[in-house]
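One structure is given here, and the rest of the page talks about it.
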Amino acid sequence: LDNFGINMGSSRGATALFEKYHKGFIEQNRAETLSSPTTTLGNISSWVAHDLQTKGPTISHSITCSTALHALLNGIAWINSGMSDKFLVGGSEAPLTAFTIAQMQALKIYKREVNQEKQSRYSDFPNQALNLEKAENTMILGEAAAVVCLEKEHQDKAVAKIIGVGYATELLRHNASLSTNADCFQRSMNM
């Protein structure tokens, strides 16, 4: 696949594998041979490019919750610059380890355990993302991956067309880094 780029991002990377290799290092004072290539954030892009035998750029990055969006932005920029014909972009997460959940709990953004009286309100949909009446954090971690193939010219079998993109970065001022007036969201939507 000539001039076909890959940009797969991950906020956490191979969390469980990294923790397993680190535990082994602490216990045995040596690292496993594949601990580095299988736990770096770039391992997803590298393996996809290897499997597809692409000849274009292979990019990886981590930008917390907007990693897959930035992969999309990178792909669009490379295609628009003429440096690549196609780009496979996306993101993947599987951060379901006790340490990662403890990190989210320390930030006070993770779902708290609820008592039995409240449990019935949350049992069908524990994260309550669209419940604008909720009075507490209900975020839960899960596993997910999404990938799209970008091409510059219109394709007959295309399922969507990107007509604009927007992005912005919140200043790091507190745990969730969301401004009161959602300044970041406003900037990205205006863009």
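The values are calculated or read from the model by the stated rules, or taken from the named source; none is laboratory data. The structure presented is a predicted model; accordingly, all values stated were derived computationally and were not measured. Counting neighbours? That spans all protein chains shown, and the Cβs are built from the backbone with ideal geometry, glycine included. To get the accessible areas, we keep the full protein, side chains included, count just its heavy atoms, and leave off ligands, DNA and RNA. Shrake-Rupley method; radii C 1.70, N 1.55, O 1.52, S 1.80 Å.
Data for the structure
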| read-out | value |
| --- | --- |
| Note, ³J(HN,Hα) from phi for the stretch 20-26, Karplus 6.51, -1.76, 1.60, rounded to Hz, x at Gly and Pro | 5, 5, 5, 4, x, 5, 4 |
| Relative contact order %, the stretch 50-116, counting alpha carbon pairs below 8 Å whose residues are six or more apart | 21 percent |
| Relative contact order of the chain, pairs being alpha-carbon contacts under 8 Å that are 6 or more residues apart, as % | 23 percent |
| Gain upon complete extension [A77, I63; 0.36 nm per residue less C-alpha separation] | 3.3 nm |
| Set of lysines with alpha-carbon distance to K111 below 17 Å, sequence-local pairs under 8 removed | K134 |
| Reachable lysines from K55, criterion Cα separation under 20 angstrom, eight or more residues apart if same chain | K86, K152 |
| Highest average packing first - 157-163, 134-140, Cβ atoms within 10 Å | 134-140, 157-163 |
| Highest-first arrangement of 96-109, 143-156, 44-57, where packing means the average Cβ count within 10 Å | 44-57, 96-109, 143-156 |
| The chain, accessible area per residue, ligands and nucleic acids excluded (1.4 Å, Å²) | 70 Å² |
| Built amide H within the under 5 Å cut-off of F4, gap 5+ | K55, G56 |
| Considering only the chain, percent of DSSP beta bridges that pair antiparallel, nearest 5 | 45 percent |
| Among (i) 15.9, 45; (ii) 19.7, 59; (iii) 15.5, 48, the entry derived from the coordinates for Rg and Dmax of the Cα atoms in Å | (ii) |
